[in-house]
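The block underneath contains the structure these notes are about, expressed in structure tokens.
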Amino acid sequence: MTVHTNLTNQKRKFLKQLFTSSFASLTLPAWANAPNDLFPSREAITALATNDDPSEERYWEMVKKQFSIPDHLLMVNAANLCPSPYVVNEQVHTAHQRLEKDVSFQLRSGFATEREQALQLMADFVGVRKEEIGITRNTTESNNIIVNGLDLKKGDEVVLWEQNHPSNGTAWEQRAKRYGFTIKKVSLPANPTAAEELIEPFAKAIHSKTRLLSFSHISNTTGMALPAQALCQLAKEHNIFSLVDGAQSLGMMDLNLKEMGCDFYTGSTYKWLMGPLENGVLYVNKAHLGHVWPTIVGAGWKSESATVDEKLCLLGQRNETTLSALSAVLKFHHAIGKKQIEERILALNSYLKQQIREKIPAATFITPLSPTFSGGVTILQLPGKEAQILFQKLYDQYGIACAPTGGLRFSPHIYNTMADMDKVVDALIAITV
Ligand SMILES: Cc1ncc(COP(=O)(O)O)c(C=O)c1O
């Protein structure tokens, strides 16, 4: 009880600091007071700091107020792109204004410091060392750095999940065509009841020539979540590399990459992490950095580069104004709690699935119903209805932004409430009768 109270008090203090400190010294420009502006009222910010019980829906309503989504729109498309909280938008705008006034080397050296901070916070966020993290532009780039960076030759084989995203599927095919190695694709049961059903097919596909196993942690086309830790362990047992595409898990799950045991992990900051645009993450286990050739070599690159960021992510001039907001969004996640965020996303999906099952019995789920084998994505089909048409109607008539990917894809996040899930179900009923 005492421990809980202390934690709660600490958390409240931290939230207050987070949501008030960055505003204390800021003079808001006139346009910031326009309707739907990018900055929140102080009331909304401090409200989150004083309502700190995530078991209450009221708490999540306050979280929702940290985002600038207007009332007539409902965003359930986190698997594709997330809005950022005000604290992140503010950081990007402030950095951009600073840069527009002064593009000197002197000013920009501050961005280099911010990059270092972001690397440390990101490393802490996923439980690895700073030198094992690099900041790329997105998951696509991070995946391709590994695809193109490993030495693979004729006779070698890579094992992929057939549901891999093109940046981790087609990218391998192109590379294989050029260098003569082969690819084996594994298909998995659509409705697994035990993790073994998802591990066994990969185990059967691996043989003496296999060099790497790669899969999406959570599929963007079915929403199925794979037992990443067990699969990485399988790769280890066969002495092969493991590449986990985390586009659908970074920021959604409470991750620890050391526990997962992957050799490489990739992600984008603007999906579930709700962070700045055009930033990606690449993790390379320190023991394997020597096995990855750089795809891009830019000014400042050194053959003795010892960190992932220096060796693999030196991409010339970057948009430092967005990168500078990465630390802000990681602090935002910490303020709410990584575990709380994962639990909330799973709860939103479970509620959505349950409501759809109850109220639209004709709907078929592409995504497994069990939270063990799914994440933040719920994909379904309605008989005789094209997903593309429903997707468009939901946006045009109800302001609901989802995706026509693998069916009708909903991916709610912490800026959604349970009432939002009810609105989605009501709209689905209305457009399908
Ligand atoms: C599993 C997976 N991998 C990679 C990507 C590519 O992400 P990005 O466009 O951010 O590079 C996506 C995008 O949805 C994805 O779902």
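The values are calculated or read from the model by the stated rules, or taken from the named source; none is laboratory data. All figures in this text were calculated on a predicted structure; none of them were measured in a lab. Quick reminder, even Gly has a Cβ in these numbers, built from the backbone with ideal geometry, and neighbours come from all protein chains shown. Calculation scope for accessible area: heavy atoms of the full protein, side chains included, ligands and nucleic acids excluded. Shrake-Rupley method; radii C 1.70, N 1.55, O 1.52, S 1.80 Å.
Can you tell which of H217, I206, G110 lies farthest toward the positive end of the dipole of the chain, using +1 and -1 charges on the Cβ of basic and acidic side chains (Lys, Arg; Asp, Glu)?
I206
Roughly how many nanometres apart are two label points built 7 Å out from the Cα toward the Cβ at E237 and R129?
2.8 nm
With charges only on Cβ, +1 for K and R and -1 for D and E, what is the dipole size of the chain about its Cα centre, in debye, rounded to 20?
540 debye
Per residue of the chain, what 222 nm ellipticity follows from adding -39500 (n - 2.57) for every DSSP H run with n ≥ 4, rounded to the nearest 500?
Helix-only estimate at 222 nm: -14000 deg cm²/dmol.
Cβ under 11 Å from A230's Cβ, A230 left aside: what net charge do those residues give with Lys, Arg +1 and Asp, Glu -1?
That sum, taken over residues with Cβ under 11 Å, equals -2.
Over all directions, the average projected area of the alpha-carbon convex hull for region 71-116 comes to how many nm²?
Averaged projected area of region 71-116's Cα convex hull equals 5.0 nm².
What relative contact order, as a whole-number percentage, does region 340-393 give when Cα pairs under 8 Å and 6 or more residues apart are counted?
33 percent
Along Cα→Cβ, 7 Å out, is where each label goes; now give me the distance between the ones at Q397 and A112 in nm to one decimal.
If labels sit at Q397 and A112, their model points lie 5.7 nm apart.
As a test of reading the structure, rank S167, S350 by solvent-accessible area (1.4 Å probe, protein chains only), most first.
S350, S167
Determine, for each peptide in 226-235, 381-390, the mean count of other beta carbons within 10 angstrom over its residues, then list the peptides with the highest first.
226-235, 381-390
Which FRET efficiency value, to the nearest 0.05, is calculated for K185 and Q317 with the Förster distance at 56 angstrom and r the Cβ-Cβ distance?
Given R0 = 56 Å and the Cβ-Cβ separation, E is 0.90.
With Kirkwood's inverse mean 1/r over C-alpha pairs for Rh, give me the Rg to Rh ratio of region 339-432, two decimals please.
Ratio value, two decimals: 0.93.
Please identify which residues in region 255-287 have an amide N closer than 18 Å to a label point set 7 Å out from the Cα of E310, following the Cα→Cβ vector.
Residues 282-287 fall inside that zone.
Measuring with a 1.4 Å probe in the full set of protein chains, what accessible area per residue, in whole Å², belongs to the chain?
Heavy-atom SASA per residue in the chain reads 44 Å².
Of the heavy-atom accessible surface of the chain (probe 1.4 angstrom), what whole percent is carbon and sulfur?
53 percent
Working with all protein chains in place, sort L277, L257 by solvent-accessible area computed with a 1.4 Å probe, largest first.
If we order L277, L257 from most to least accessible, we get L277, L257.
On average, how much area does the Cα convex hull of region 98-220 cover when viewed from any direction, in nm²?
Averaged projected area of region 98-220's Cα convex hull equals 11.0 nm².
In a shell of Cβ-Cβ distance under 13 Å around A403, excluding A403 itself, what net charge do Lys and Arg (+1) and Asp and Glu (-1) give?
Counting the neighbours of A403, the net charge comes to +2.
Which one, L255, L326, N279, is farthest towards the positive end of the dipole of region 108-330 when Lys and Arg carry +1 and Asp and Glu -1 on their Cβ?
So the residue furthest toward the plus end is N279.
Among R344, R115, R409, whose mean-square fluctuation peaks in a Gaussian network model of the chain (Cα, cutoff 10 Å)?
Result for the chain, Cα springs under 10 Å: R115 fluctuates most.
Just add up the charged neighbours of G180: K/R +1, D/E -1, any other residue whose Cβ is under 12 Å from the Cβ of G180.
Once all neighbours under 12 Å are counted, the net charge is +3.
Give the relative contact order (percent, whole number) for the chain; include only Cα pairs under 8 Å separated by 6+ residues.
Once normalised by length, the contact order is 21 percent.
Which value, in Å³ per residue, describes the convex hull spanned by the Cα atoms of the chain?
160 Å³
Between A194 and K359, with labels modelled 7 Å along Cα→Cβ, what's the label distance in nm to one decimal, could you check?
3.7 nm
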